[in-house]
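One structure below.
The values are calculated or read from the model by the stated rules, or taken from the named source; none is laboratory data. This one's a predicted model, so the numbers in the text were calculated from it and none came from an experiment. So basically every Cβ, Gly included, is an ideal-geometry build from the backbone, and we count neighbours across all protein chains shown. Just the protein is used for accessible areas: all its heavy atoms, side chains included, with ligands, DNA and RNA removed. Shrake-Rupley method; radii C 1.70, N 1.55, O 1.52, S 1.80 Å.
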There are 2 protein chains.
Amino acid sequence: MPRDPRYDILFEPVRIGPKTLKNRFYQVPHCNGVGSNRPGTQAKLREMKAEGGWAAVCTEACSVDPGGQEQAPHEVSSLWDEGDVINLRHMCDSVHRWNALAGVELCHLGLSSPNIDCRGVSIAPVGATSEWSPQTYAHAADEDDIARVQGYFAEAARRAVQAGFDIIYVHAGHAVLTVQFLSRLYNTRTDRYGGPFENRVRFWRETLEQVKRAAGDGAAIATRISVDQLVGPDGVETHGEDIFRVVELFEREGLVDFFDLNVSNLDEWGEDAGTSRFHRANHQAPFTRHIKQHTKLPVINVGRLTSPDDMVQVIISGQADIIGAARPSIADPFLPRKIEEGRVEDIRECIGCNVCILRSDRGGQMVCTQNATSMEEYRRGWHPERFDRAPDPGWVLVVGAGPAGLECARVLAARGYDVHLREALPEIGGHVRQLVRYPGLAEWGRVIDYRAGQLAKATTVAVHRGVGAMTVDEVLAYEAEKVVLATGARWAGDGFSHITMRPIPGVDAASARVCTPEQVIAGKAIGERVLVLDADGYITGVGMAEHLADRGHGVTVVTQHAQVAPQLLYTLELPNVQRMLREKRIAYRPHAWVEAAEEAGGELRVRVYDVYRDGFRRTERPVAGELPRRRGDAADVLACDTLVLVTARIANDGLYKALRARRAEWAARGIKAVYQAGDCYAPRQLAEAIFDGHRIAREFESPDPQIAAPFIRERQIWGSPVYPTLG
Amino acid sequence: MPRDPRYDILFEPVRIGPKTLKNRFYQVPHCNGVGSNRPGTQAKLREMKAEGGWAAVCTEACSVDPGGQEQAPHEVSSLWDEGDVINLRHMCDSVHRWNALAGVELCHLGLSSPNIDCRGVSIAPVGATSEWSPQTYAHAADEDDIARVQGYFAEAARRAVQAGFDIIYVHAGHAVLTVQFLSRLYNTRTDRYGGPFENRVRFWRETLEQVKRAAGDGAAIATRISVDQLVGPDGVETHGEDIFRVVELFEREGLVDFFDLNVSNLDEWGEDAGTSRFHRANHQAPFTRHIKQHTKLPVINVGRLTSPDDMVQVIISGQADIIGAARPSIADPFLPRKIEEGRVEDIRECIGCNVCILRSDRGGQMVCTQNATSMEEYRRGWHPERFDRAPDPGWVLVVGAGPAGLECARVLAARGYDVHLREALPEIGGHVRQLVRYPGLAEWGRVIDYRAGQLAKATTVAVHRGVGAMTVDEVLAYEAEKVVLATGARWAGDGFSHITMRPIPGVDAASARVCTPEQVIAGKAIGERVLVLDADGYITGVGMAEHLADRGHGVTVVTQHAQVAPQLLYTLELPNVQRMLREKRIAYRPHAWVEAAEEAGGELRVRVYDVYRDGFRRTERPVAGELPRRRGDAADVLACDTLVLVTARIANDGLYKALRARRAEWAARGIKAVYQAGDCYAPRQLAEAIFDGHRIAREFESPDPQIAAPFIRERQIWGSPVYPTLG
């Protein structure tokens, strides 16, 4: 199908200095958790997007100086030595294969440089530290230091040209070093680099000059600008004077070929990479749309844009010339091509969950809820849109149309299998149907929408809805060749958690005053005073609390953690979660757990204790049967009307166990194998459940697809060359 | 000098199955942050200890299964494929060069497997998760799963033999999978692997059988046993029956050649790797010393032992046969050899600060406060005991005998330089003199003791104490060839912090009611009610709070963090810190900061606000001069008698700046260069300040020793071989 002419504007080329973007789709710099240290992984991730139609794809932030590095466990790229050049050249070559441009974002974090692994010392306009670099202060730079670091930028730019990059950035988003010089919040200097605008912009301007000179004529030069630190008049403001003057100055002096705009400080960069919980698509527009009035140069802006209609609006409204995307390009590397081919309904839209950031900030490779192949392109050889046809596809029963079952059925069908996907309930989606009713998580429904759409198109899948929970007899009678169970998980109803590994006495979701999250969403009666007991620390505890506070209940969260939803630190949501809790008057009791509950006097009396109530000195005389420290027994009784249990997830593995028990009958029924996909095998985050369904379908002919096949592990192998060598 | 005959017993050989330890010094498995992925770094770290006289050195925990992995950012070793064999063979070869044995600790974390990077799924006796693996549940293993995982252990053992290991462990410390099966806390099974002791020990026993069979006759087999989970009768207890029976069973069945004992659960393994704040040397003895009554096999025990007298006592008391060491071997890889050579006073004793763990748990390479060369042996080519003589050593003035100055002078002297080390105060040690007066930090004084001893022996260093702060004229008049300033840092006295980047109105440590930590230690008068304002989150805020609580003051900590001293999560101290705060009735106000203070009515009135008091929705209509969200203005007035400021460290760089300003005079005075070492260049953790002094001395002839020379970066280089390859 040809593309919708409404979208033609998105496919117009845009000139950026010496280069031309073939269309308006642009993958802005984004982290992936491996930087330039896993060159195959890095290159293949970016290459997929080039193949998928993006006019340009960029690295993440790329360190120019071991002293100014975002690193460990936030692995980024670097251009310090020839080893980096070799590794990033492979990325450029891979991207160029698809007629796309490759960009690199030269970066120095200034006073936010943890330098955990390399042990360098950073510089900044002032000798200070930040939340990002605990106890690691930057050196207050003198002019020699400034010249030296600008020299690193120039060296890195020369290496970038050697590697083959078409676009070279000087990073000034997220309040990195360039912005630390510009912003009066950090820059209190009284020398040539502080005071009036001309002085505060000097570091950035000179750095651009040096980078431009080092890059020569072949590369386009860009700068990414955080147009608003979002801290009010103490920092850079989009409607203050500094940003307009920066834009006008850099254009006037011919220092850049285009501008890449975003918002925020590093310590709240979730205001840039906003989750759908707090930020709608194109949420940066109020802060960025007027910038184009100050420049004729092309402007990029991001904003979790997944709809071509929204993109067209961004262009024709004059907000931006180029559609920047990080997360939408992760969720669907083929987004531009799908628009071009008139297959808009095939776009796998980003749900704005930020699990990508969660995982790379926790020290692993990025993952994506929607795109199970992200970061697996190289190490597992997975292409997001192409599937090996099974040599001898048979027919498969998939039980359960939750996220893992949907994905498994989708991929099996794409591989040529005949699939029956049977769902007990009238609607597909599994527990995602509940998640979308948590405050702010409606967009997570795209997990279902995309897969429902793909399955509707697939010719070899039949989806049976509302068939009720299958019994073991029904499964056997189905006589499928292979069976995949994807029956999900449920929340424990007895207070079981990993904290005590036991149920909580007096707690039972079968009673009126105790609820699981499923029961809350299903509408079980909730009293006025609610305790949410949260051992999980991710989306569900805070989701329950906000859901019920929004309905007028008085809510207190009890958790063993130091704060509510600590995992949302890694999705960058914690500051706004904390503000939300305060604004909605949700109380919380950290470092606490429940030892028992009893119903009395028309209420539930819950015994809450401090998990650190025992003595801090260990005994010198341990005795069997006694805690080897002073045992604390203090507890408070909190009275409530309803207790909501977010304590543990329990795999729905009853059907599997029953089938296993009757394994002897399988052969007679023609059943060769039964596998478990996703949460019914082991509960996990949504991205991992979908990955598991996907992986099983990819590896369906392996000796045991229940267990992942080996994958390439990029690392130094002893005897291979090392870079750099010692003096 | 020959060794003291009292220590002869430490040098007796010990037979362990088919192998013999040449003496009783044994480096137990410990993490270093790089695992088998940086093979040169791994090998050289371990080799130094072999050279330093340890009879055996081991890897850290070594993963046998991508589904049961402690990984990212806690990087450990693995034996999954041929790449691992190549990398660890290099370690074995390096260790064997010094006639030492190499050990590997095969490990599966069970329900504590985050599997962040590899995306595998773990198994456990029960389908549960832990604090270590948020939202990542283990699969409740059936017998097939158990057999499969035991097969991974066997495969890894075969690979270990290929790599050349002499000792192969099955890990059962820290409540890993083996212990999860043994412990009734986790194991609630009713099959052959649950219930009576014989069933609960079956997984461990069978795993040992398989490993022993796979290893053949060439390797000694060990198991590391956490003899007490320290959770009382719910878990494994050292005086309970299970541990005795394990030891007796494994000996009787000939499954192991020796036992390596420790204590604790994974979620509080700081009870094993105890800091000096909470645990004295040999703190595990009450839990381990009776185990030898149950076995004739050799027994190892750790306990931060650095004194040969203590070690002798451990042996002759019958507590253990072999002295296990992790941290003491990091602080001084040459500890055994120094005892052997009669140089006990040269031992660089571990201070028990756990910065080693802090750094590897934060995702970088391990570092060591005492041993600046740790983990730098390969990538920077540093030997802990050998120093290149400078080609043309001149003479150097070092100003300031704090940690960086002491270390710089020590290394410069070892390299042949003539050094004058001048200290303003009567005593050397800089801010470490203050740290040792914080509760529990007395052992940190070893930083000074070691260096004082070494400098006293050095023939080319003169230490001048009590000379007062040097003026710029004095430095110039000194006419040294090169000058190193190591003048340290101080705590801000005006409330400046990275939170607001401004002083706090009304706060001044020159006034009676406001104190810096230095003033507290120096004895400035402190009132009854104390607020400790802590932006730092490491040792000082909690140190001040405990110091003052111990003296009877009522203390409240105000911090922007979610809890007091969050960095001590990474030193494994947070649980006991939390218990201590509760026990000593130290209150805290998290997520809070101070906007102003004023003295009135004979007290200090401090306006404390919630750092998340602003609205959580961002405005759609940003305006210059206004915060782009609802601005909160709520604040509480907390009245106190004294406010202690732990808000920011300020480099003492006045002397440097004054010298720089008179650079024109240097040449006439024969001064070729002036450098800044440690905190006076940029404040940092103690280990980094010492590293900086060390590094500058090592690189003293480089063009600019102020800036670190490049080092080898181990990583995959595109084009080099990868392991494993795809299908």
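Assorted remarks:
- Among the residues listed as A:GLY103, A:GLY53, A:GLY40, the single one being part of a strand (DSSP E or B), at pLDDT 95 or above and either more than 14 Å from every other protein chain (Cβ to nearest Cβ) or surrounded by fewer than 24 Cβ atoms within 10 Å (Cβ to Cβ) (or both): A:GLY103
Okay, residues lined up against (1) open to solvent by less than 20 Å² (accessible area, probe 1.4 Å); (2) in contact (Cβ under 8 Å) with a residue 12 or more places away in the chain; (3) touching a strand residue (DSSP E or B) at 6+ places or on another chain (Cβ under 7 Å):
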position: A:PRO566; (1), (2), (3): no, yes, no
position: A:ARG582; (1), (2), (3): no, no, yes
position: A:ALA592; (1), (2), (3): yes, yes, yes
position: A:GLU626; (1), (2), (3): no, no, no
position: A:VAL644; (1), (2), (3): yes, yes, yes
position: A:ALA648; (1), (2), (3): yes, yes, no
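- Qualifying positions in the stretch B:268-295 - assigned to a helix (DSSP H, G or I), farther than 19 Å from A:GLY615 by Cβ and within 11 Å of chain A (Cβ to nearest Cβ): B:ALA285, B:THR288
- Residue within the stretch A:693-704 that is touching a strand residue (DSSP E or B) at 6+ places or on another chain (Cβ under 7 Å), of a type in the set (Gly, Ala, Ser) and open to solvent by less than 60 Å² (accessible area, probe 1.4 Å) present: no
- Residue in the stretch B:224-233 that is more than 14 Å from chain A (Cβ to nearest Cβ), part of a loop (DSSP other than H, G, I, E, B) and of a type outside the set (D, E, K, R) present: no
- Selected residue (only one of B:GLU349, B:GLU407 is in the same structural domain as B:ALA477 (by TED's automatic domain parsing) and either of a type in the set (D, E, K, R) or part of a strand (DSSP E or B) (or both)): B:GLU407
- Verdict on A:GLY35 being surrounded by fewer than 24 Cβ atoms within 10 Å (Cβ to Cβ) and either more than 26 Å from the chain's Cα centre (by Cα) or not hydroxyl-bearing (Ser, Thr, Tyr) (or both): no
- Restricting B:ALA639, B:ALA596, B:ALA624 to residues that are within 13 Å of another protein chain (Cβ to nearest Cβ) and not charged (D, E, K, R) narrows the list to B:ALA624.
- Flag if B:GLY678 is open to solvent by less than 20 Å² (accessible area, probe 1.4 Å), modelled with pLDDT of 95 or more and within 11 Å of another protein chain (Cβ to nearest Cβ): yes
- Among the residues of the stretch A:529-553, the ones that are in contact with a Cys (Cβ under 9 Å, 6 or more places away or on another chain) and open to solvent by 20 Å² or more (accessible area, probe 1.4 Å) come to 1 in all.
- Evaluating B:GLU603 against the criteria (1) at the interface with another protein chain (Cβ under 9 Å from one of its Cβ atoms); (2) open to solvent by 10 Å² or more (accessible area, probe 1.4 Å) leaves one unmet condition, (1).
- Some residue of the stretch B:329-352 being within 14 Å of another protein chain (Cβ to nearest Cβ), open to solvent by 10 Å² or more (accessible area, probe 1.4 Å) and not small (Gly, Ala, Ser): no
- Note on the stretch A:412-438: residues that are farther than 19 Å from A:GLN685 by Cβ and either open to solvent by 20 Å² or more (accessible area, probe 1.4 Å) or not charged (D, E, K, R) (or both) amount to 15.
- Residue count, the stretch B:382-395 (criterion: open to solvent by 50 Å² or more (accessible area, probe 1.4 Å) and within 14 Å of chain A (Cβ to nearest Cβ)): 2
- Residues that are in contact with a Gly (Cβ under 7 Å, 6 or more places away or on another chain), assigned to a helix (DSSP H, G or I) and more than 9 Å from chain B (Cβ to nearest Cβ) within the stretch A:63-95 comprise A:CYS92, A:ASP93, listed in sequence order.
- Residues being crowded, with 24+ Cβ neighbours inside 10 Å, touching a Leu at 6+ places or on another chain (Cβ under 8 Å) and of a type in the set (A, V, I, L, M) - total across the stretch A:252-275: 2
- From the options A:ILE323, A:ILE291, residue that is under 20 Å from A:GLU12 (Cα atoms), among the hydrophobic types (A, V, I, L, M, F, W, C), more than 19 Å from the chain's Cα centre (by Cα) and surrounded by 20 or more Cβ atoms within 10 Å (Cβ to Cβ): A:ILE323
- Qualifying residue in the stretch A:165-173 (condition: modelled with pLDDT under 95, under 28 Å from the mean Cα position of the chain (by Cα) and either farther than 26 Å from B:SER497 by Cα or not in a helix (DSSP H, G or I) (or both)): yes
- Being at the interface with chain A (Cβ under 7 Å from one of its Cβ atoms) and among the β-branched types (Val, Ile, Thr) is a property that does not hold for B:ILE671.
- Close pairs (7 angstrom Cβ cut-off, 6 or more residues apart or separate chains): without any contact (Cβ under 8 Å) to a residue 12 or more places away in the chain and outside the structural domain of A:ALA462 (by TED's automatic domain parsing) in the stretch A:430-451, crowded, with 23+ Cβ neighbours inside 10 Å and of a type in the set (D, E, K, R) anywhere: none
- Condition met for B:GLU131 (within 14 Å of chain A (Cβ to nearest Cβ), open to solvent by 20 Å² or more (accessible area, probe 1.4 Å), in a loop (DSSP other than H, G, I, E, B) and touching a residue at least 40 places away in the same chain (Cβ under 8 Å)): yes
- Any hit, the stretch B:302-313, residues being modelled with pLDDT of 95 or more, within 18 Å of B:LYS22 (Cα to Cα), in contact with a strand residue (DSSP E or B) (Cβ under 7 Å, 6 or more places away or on another chain) and buried (at least 23 other Cβ atoms within 10 Å of the Cβ): yes
- Per-region count, the stretch B:616-659, residues in contact with a Pro (Cβ under 6 Å, 6 or more places away or on another chain) and part of a helix (DSSP H, G or I): 0
- Residue in the stretch A:527-546 that is of a type outside the set (Asp, Glu), assigned to a loop (DSSP other than H, G, I, E, B) and away from every other protein chain (no Cβ under 14 Å) present: yes
- Test result for A:ALA562, part of a loop (DSSP other than H, G, I, E, B) and at the interface with chain B (Cβ under 10 Å from one of its Cβ atoms): yes
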